[in-house]
Structure formats: C-alpha cells, structure tokens
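First comes the structure, then the notes that go with it.
The values are calculated or read from the model by the stated rules, or taken from the named source; none is laboratory data. Note that the coordinates shown come from a computational prediction; the quantities given were computed from them, not determined experimentally. When we count neighbours, we look across all protein chains shown, and the Cβ atoms used for this are built from the backbone with ideal geometry, even at glycine. Heads up: the accessible areas ignore ligands, DNA and RNA and are worked out on the full protein's heavy atoms, side chains in. Shrake-Rupley method; radii C 1.70, N 1.55, O 1.52, S 1.80 Å.
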Amino acid sequence: MTIYDILQQAIYKYPDNLAVADGEVRLTYREVGERVDALALFLRSKGIEQGDRISILDVNSHYFYEAYFAAAGLGAILNPINIRLSETELTYIINDTESRWLLCAPQFCHNAERVIRKRISLKGVLWLGKIPPVKCDISFFSFKDVQSHNERFQPAAVKPDDIAHLYYTSGTTGTPKGVILTHKNVCRHSEGTVQELGLSPHDVWGHIAPMFHLADAWSVFAVTMVGGRHIIQPRFDAEATLELIRSENITISNLIPTMLNLMVKCSHVSECDLSSLRVILSGGAPIAPEVVKKVVEIFGCDYIQTYGMTETSPYLTLSILKENMSAFSAEEQLRYKSRTGRPFMTVDLKVMRADGISEVESDDREVGEIWVRGDTITPGYWKRPDETKKSFEAGWLKTGDLAVIDAEGYVNIVDRKEDVIISGGENIYSTEIETVLYRHPAVLEAAVFGKPDEVWGEAVTAVVALKNGESADDEEIIAFCREQLSVFKAPKSIIFLPEIPKTGSGKISKQLLKAKYSQP
C-alpha cells in the first residue's frame, strides 16, 4: 500500500462522506479526489517527476491535506516546512532538499520572496490563494490554474520503500536534519493507529496542532483510511478550539500539552459543550499529571498520553490501559494515563543502560535510553549517512530519550539526554521538577534547565509564566518546590516571563531558554 492508495480506497468506500471541513470549504471524498488529481496533473505538467521534492509552507488548510496525497500520487517527496522558521532557515531547508516547487500561502509571501531571490533550486511557486504582489524571476501560479487540469491522472509506480516525506528537525542539536519517512512507514503507522485507537468512519478529527508537524500530520492518513472527517483550524486559539469542538462535533484530536493547559484554564471552559469528544490524545512534550487530571474532569472523555518522534512516524508509546488495569483504582488508572505509555503496536521497544548491551531493571527506578525498531522507523536522514549511522545500533534507533520502565511494561520519560541537569554530581531530571511547578495554583507554564554554576556545575533554573490575575514571587515558588522535592532538586532561581517561548509546533523551547539565560 502507498499513501495515494489510502485516499483511493476512501473514495471507493466512502465517496459521499464529508471528508474535509475548512471554514466554508466542505468537500466529500469524491471531491477531494478530483482536487488531488488536478493538483498532481498540474505539477506533472510543470515538470515534477517521481523522486522530485516539493516544499509546502502553509497553516492548516485543505490545501495542505490535498498536497500530502497529490505528492504521493506523483511519487514526489513532500517537504512540510515549519511556518515559524526564519528566512535563513527556510533557505537552508529548500536548498538541502533541492525542492523544485514551493506551495505557499500568500500570507508568507515576504519570506518566500526573500528566499526566491537567493536563486535557489526552485522552478516555480504555486500560491495557495491569490497571487501576492511579489516580483521574482520565477514562475508563479494560483490554485485557479490547477483546477483547469481535469484529464485522467495516472499515478506513478510507487514502491512501499520509496521516500514519501522529508520533515526537518528543529535543530536543537545542531543543523536541522531532514528525517526520511517512506510510504511503508506512513501506511503501517496508519494501520496501527486505526487499530490502537479504534478509528472509524464516525470519527471527526480536529486538525488543531500544526499539519506540518507529525503530532497532527499522521491523522491525515489514518483518519482518511477509515473514511472519517477532517475538521481544520488554521491556527490554534484556546477559545476558538473549544467552540470548534462543539460546532463540528469533533470526537478526537491530538493536542500538544501547552494547548491543553491553555484550554483547561479558559475562564468559561466549564460552560462549553464538549460532549462529542470520545478521546483526547496529547503528545509532543511531557505533560504534568495535574493537567491530565483537569483534562479528564473538564472534557469528560478518555485521555491517552502519546510519545513519539519525527523519526518514528511518530508514535512509539500510548498510555492506553491494559485489560487487567480495569481493576485498578481511579487514582492508579489516572497515574498510568499520565505516563509515557506502553509500546505502540508497530514497534519493539527497550530501555538500555549506558553500556549499550543490557536493559535496565523493570523497577520504575533505573534510568536508561529508549531504543526502538520496526516498520514505522525512519531509514535515516536525508544526505546524512554519518548521522544515520550514529543514530542506529544493530538496527535499533537510539532515541536520546531517558526513561524508566515498570513491571507492566509502561515507560515514563524523565528527560532528554541533553536536558539532564548535573548539579553537585547528582543527575536531576527536569520533568520531575516541572511536574511539581505545574501543581502550584498560580503557574500557567513552566520549564526547567541547568544554568552553568562555578560551585555546583549546573544550577537548577526554572522559567515560569503565571496565570492571568495571579501573583507569586521566586521565594514562594522555590519554597513550594522544596516542600515536595529533595532540596538539591529544587530550583535555585526563578525567571518570570509573560509567556514562555515556543517552537513552531507549539512546544516549549528549552533551546531558546538556554541560549538566552544560560550565562553564568
């Protein structure tokens, strides 16, 4: 099976099902199929061949949805780009992929124009809307030009191991790397999520997290596989999201913890009708148990914690309870729902000691690195054979995430390798401290990192954003942490910000915090 096959099967089985709702644009699967084929024909007429790269720069939209399938039908490689990247970063990625065409929303025309003027590999731009007043020596077209292509489309002869997507990492460990995902990676992941999450034609998915990021992008394929409905919100807004759930009867979505935290703290959330929800998933970053508890109480639906990586399509674990856990107390069940989870059905997972030979004890105490393998794991990095070799060991991908594992086989991440704080010879895990900070009634968001210190090596430093109308000083926050943590784990200092900086996908960016505040 290929990605284009997923859409064709949906068209065959569910031609008249509402497939996509994006504001006033509402399309059935049959109509989506016609638009996808027209886009593929247009790009083929402009010289796009199998294996060529196409980049897309857009907020969540029906155009984005269609591009995923049109590129797949051509056998081209789609490169979704983070909309928050700078001109320099955009130029680097388009040069690295050697993209031939850019699909771009007009709102990003100024950045796009500066990139185009650098005489990079692009041969043309398809504006996803009206052509903006940009003057460059390159071919420009609007989506109206696409719809004139209505002859029969013949898809390319794509093989499962052919490359489908290139997602670029955020560059937290250096120059951004292009993560390769194949058709097999994507399709096998879709099959796994359909089974694990019980997806059906009755499901209504909310595309709220960015579609350029796999926290949401996987659902484009999995929900289509079952003929479900895609509801698209261009950009996240807490109040607008709550209203969208009500008005469109959304049943399921994957939200980044920052988003959930803002939604549960909306002043009128208790008055919102969220009865259509059957499950909320959360992933992309660790989440505090206090936030999980509020989500379950306020949203009145099931909750599943997810963990994964771009390199793994993305899911590696889900906090779905095993059958024997139905006898657990409500408190114990919530504790497991808040954990990183047990292995996703498509992967083998183990937690390895630093020696790279033996696994840690399943005692929920010994910390090791998560290693994974399976059909949903990337074959490597675009044009980076050395990076690929370094990331794998005997067929296992070394994730760089540190975790414990318990007797039930559930893992819990304690930190990224690069985020571990070493203070006075002790390893301190930032997520443990962040969990405590989120319990403070005045705290909206929190992040913890190690600041260089002449005496201790690193000093535990917390960055905190307070809720509107709430107040707290550093002494109060530190004292609160010391009541619940060993003294050496409690923050030595607190930095108060009105808002903590985020990555393009909405995750708190420790990289930016370290760069700005890590001076001794």
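Worth pointing out:
- Cα-based shape type of region 444-520, given that a ≥ b ≥ c are square roots of the gyration tensor eigenvalues and the cut on a/c is 1.5: oblate
- Cα centroid separation, region 310-376 to region 117-135 (Å): 45 Å
- With Cα atoms, 0 to 90° folded angle of helix 214-225 axis to the chain main axis: 50 degrees
- The overall shape of region 79-236, judged from the alpha-carbon gyration tensor, is prolate: a/c is not under 1.5, and a/b is greater than b/c.
- DSSP bridge analysis restricted to the chain gives an antiparallel fraction near 55%, rounded to the nearest 5.
- A protection proxy built from the mean count of other Cβ atoms within 10 Å ranks the segments 463-474, 230-241, 300-311, most packed first, as 300-311, 230-241, 463-474.
- The value given for region 315-450 is a Kirkwood hydrodynamic radius of 16.6 Å, derived from the mean inverse Cα-Cα separation.
- Annotation: amide H-H contacts under 5 Å for Tyr303 (H modelled 1.01 Å from N, sequence separation of 5 or more, or interchain): Ile280.
- Carbon/sulfur fraction of accessible area - region 1-61, other protein chains in place, 1.4 Å, %: 44 percent
- Between the residues Ser471, Pro501, Pro452, the greatest Cα displacement towards the positive end of the dipole of region 436-502, with unit charges on the Cβ of Lys, Arg, Asp and Glu, is found for Pro501.
- Neighbourhood net charge (11 Å Cβ-Cβ; Lys/Arg +1, Asp/Glu -1) for Tyr14: +2
- Rg over Rh, two decimals, region 79-131 (C-alpha only, Kirkwood Rh): 0.90
- When the charge dipole of region 113-263 is built from unit charges on Cβ atoms (+1 for Lys and Arg, -1 for Asp and Glu) and taken about the Cα centre, the candidate among Gly227, Tyr167, Pro132 whose Cα reaches farthest toward its positive end is Pro132.
- Of the residues Asp162, Asp58, Asp273, ranked by 1.4 Å probe accessible area with the largest first, the sequence reads Asp273, Asp162, Asp58.
- Surface composition of region 426-520: carbon plus sulfur atoms contribute 49% of the solvent-accessible area (1.4 Å probe, protein chains only, all chains present).
- Dipole axis of the chain (+1 Lys, Arg; -1 Asp, Glu on Cβ), positive-most option in Ser247, Thr91, Ala403: Thr91
- Phi-derived couplings, Karplus 6.51 cos²θ - 1.76 cosθ + 1.60 at θ = phi - 60°, listed residue by residue for region 488-497: 5, 8, 5, x, 7, 8, 10, 10, 9, 10 Hz, with x used for Gly and Pro.
- Packing-based order for 369-378, 262-271, using average beta carbon neighbours within 10 Å, highest first: 369-378, 262-271
- Rolled with a 1.4 Å probe across the full set of protein chains, the surface gives Ile163 an accessible area near 40 Å².
- Between region 442-482 and region 70-88, the alpha-carbon centres lie 38 Å apart.
- Amide H within-cut-off set for Tyr168, under 5 Å, with H built and near neighbours excluded: Val179
- Degrees, to the nearest 10: 474-484 long Cα axis against longest axis of the chain: 80 degrees
- Computed from point charges on the beta carbon alone (+1 for Lys and Arg, -1 for Asp and Glu), the dipole magnitude for region 200-354 about its Cα centre is near 480 Debye.
- List Asp453, Asp96, ordered by accessible area with a 1.4 Å probe, largest first: Asp453, Asp96
- Hypothetical label at Ser358: residues of region 401-418 whose amide nitrogen lies under 17 Å (7 Å Cα-Cβ projection): 405
- Glu361 accessible area, 1.4 Å probe, all protein chains in place, Å² to nearest 10: 100 Å²
- Contact order relative to length of region 341-390, as percent, for alpha carbon pairs under 8 angstrom and 6 or more apart: 33 percent
- Evaluated at q = 0.14, 0.17 Å⁻¹, a Debye calculation over the C-alpha positions of region 264-349 (equal weights, vacuum) places log10 I(q)/I(0) at -0.53, -0.75.
- Tail fraction, Cα-Cα pairs, region 16-64, threshold 15 Å, whole percent: 56 percent
- Accessible area of the chain divided out per residue, in Å², using a probe of 1.4 angstrom: 42 Å²
- In a simple Cβ point-charge model (Lys, Arg +1; Asp, Glu -1; nothing else charged), the chain has a dipole of about 1620 debye relative to its Cα centre.
- Annotation: the chain has a Kirkwood hydrodynamic radius of 23.9 angstrom, from the mean reciprocal C-alpha pair distance.
- Amide hydrogen proximity for Gly400: with H placed 1.01 Å from N in the peptide plane, the residues at 5 or more positions away or on another chain lying under 5 Å are Ile370.
- You can think of it this way: the chain between Ser139 and Ser486 has 118.7 nm of extra reach, that is 0.36 nm per residue less the Cα-Cα gap.
- In the calculated pair-distance distribution of region 40-124, the portion above 23 angstrom amounts to 15 percent of the Cα-Cα pairs.
- Sum of side-chain charges, Thr503 neighbourhood, beta-carbon under 11 Å (Lys, Arg +1; Asp, Glu -1): +4
- Note on region 464-520: with charges restricted to the Cβ of Lys and Arg (+1) and Asp and Glu (-1), its dipole about the Cα centre is near 480 debye.
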